[in-house]
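Colleague: Before I ask anything, here is the structure I am working with.
Each reported figure results from applying straightforward, stated rules to the coordinates on display, with no laboratory input. The structure displayed is predicted, hence computed values, not measured ones. Cβ coordinates were reconstructed from backbone atoms using ideal geometry, including for glycine residues, and neighbour counts include every protein chain displayed.
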Amino acid sequence: MDTVKKKETLIEFPRGIPGFEEYKTFKLIEDEEDPFLANLLAVENGQAGFVLFRIQLFLEDYLPQIELADEEARLLEITQTDTPEVWTILTLCHSDFTKTTANLRAPVIINRRARKGAQFVLNDDSYSARYPLFADLAAPCNHGTERRQERG
Amino acid sequence: MLVLARKIDEKIKIGDDIEITIVDITGDTVRIGIEAPRTVRILRHEVYEEIVKQNMEASKQTEIPQELQKILSNKKPWPR
C-alpha cells in the first residue's frame, strides 16, 4: 500500500494565502508518480491544507494570462532562468469527486528553486474561482454552500 | 483619504502610468474606466473576499483522496 514515494518541499509564502495570512511556511507534498496533484499543508497548522492541481499541464491558453508584476517576481525571487510553476487550488466535492472545481481566478505560483510561493488574484473576470475540473460534469456539488451569483 | 470631485469624462492620474476615467453615472452606480499596466492588480474588493471564502472552503484537505487520483488518471480534465 505505502509503496508510493512522497516528495516533500518546504515553500515559504511571504504573504501567506488569502484567508490564511498568518501561515507563511507550507509543506508541498507530491506523489512521485502523480505529476498533477499535490498537497499543500501549513506547517504551523496541521488542519490547514489544500489540494493543488498543476494546471499548466492542461490549459495552455491560461498561462499567458499570468504575468507577474516586478514586485511579485521579486517576492518569489524569480530570476531569468527560473520557470515558475502554475498551480490552482481545488475545491473538492467529497460526495462526487467529478464535481471538483479549480480556482482559476487565483492561481498559486511556485518558484521551486527559491522555494517561494504566492497566490495571486487575476484581474480578468472571465476566470472563475469555481471552474469545474471536468467541464462535461459541471453540475454543482450538492455538499457545497449556495452558489454565489456572478457579477456582471 | 484624498477625496476628489469629478464629472463624467473627467480623469484622475495616479503615478506615471495609471489613469482613471469616470465613464458614466447612473443613479447610485458609477462606471469607472481604468488604464493601467497589465501587471497592476485591480480588483473589485468583493473579489478578494470571494477568494478568501473559496480558500476557506478548499482548506481542510490534509491529504489527496485516492479516489480523485484515480479519476484523474482515467479522465483528463478539459478535453479541448
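Colleague: With Cβ to Cβ distances under 14 Å as the rule, what net charge do the other residues near A:ILE89 carry (K, R +1; D, E -1)?
Modeller: Value of the local net charge: +2.
Colleague: Once the mean 1/r over all distinct Cα pairs of the protein assembly as shown is inverted, what Kirkwood radius in angstroms do you read off?
Modeller: 19.3 Å
Colleague: Per-residue Cβ counts within 10 Å, from other chains only, averaged over B:42-55: what number is that?
Modeller: Across the residues of B:42-55, the mean count of other-chain Cβ atoms within 10 Å is 6.
Colleague: Here is a follow-up. Using 18 Å as the cut-off for backbone N distance, which residues of region B:19-59 belong to the label zone defined by a point 7 Å from the Cα of B:ASP9 along Cα→Cβ?
Modeller: B:20-26, B:31-34
Colleague: Among A:LYS24/B:LYS13; A:LYS116/B:LYS11; A:LYS5/B:LYS75; A:LYS27/B:LYS13, which pairs are too far apart, with a Cα-Cα distance over 32 Å?
Modeller: With Cα atoms farther than 32 Å apart: A:LYS24/B:LYS13; A:LYS116/B:LYS11; A:LYS27/B:LYS13.
Colleague: Let me ask something else about it. Tell me, which longest segment in chain B has none of the GluC sites (Glu not before Pro) that fall in DSSP loops with at most 15 further Cβ atoms within 10 Å?
Modeller: It runs B:11-62.
Colleague: At 222 nm, what helix-only mean residue ellipticity would chain A give, in deg cm²/dmol to the nearest 500, using -39500 (n - 2.57) for each DSSP H run of four or more?
Modeller: Helices in chain A give a 222 nm mean residue ellipticity of -1000 deg cm²/dmol.
Colleague: Would you be so kind as to identify which of A:GLN119, A:PHE20, B:PRO77 lies farthest towards the positive end of the dipole of the protein assembly as shown, taking Lys and Arg as +1 and Asp and Glu as -1 on Cβ and the Cα centre as origin?
Modeller: Of the options given, the answer is B:PRO77.
Colleague: Taking the Cα centre as origin and putting +1 on Lys and Arg beta-carbons and -1 on Asp and Glu beta-carbons, what dipole magnitude results for region A:6-137, to the nearest 20 debye?
Modeller: Charge dipole, region A:6-137, about its Cα centre: 320 debye, nearest 20.
Colleague: Report the charge-dipole magnitude of the protein assembly as shown in Debye, nearest 20, computed about the Cα centre from +1 at each Lys and Arg Cβ and -1 at each Asp and Glu Cβ.
Modeller: For this selection, approximately 240 debye.
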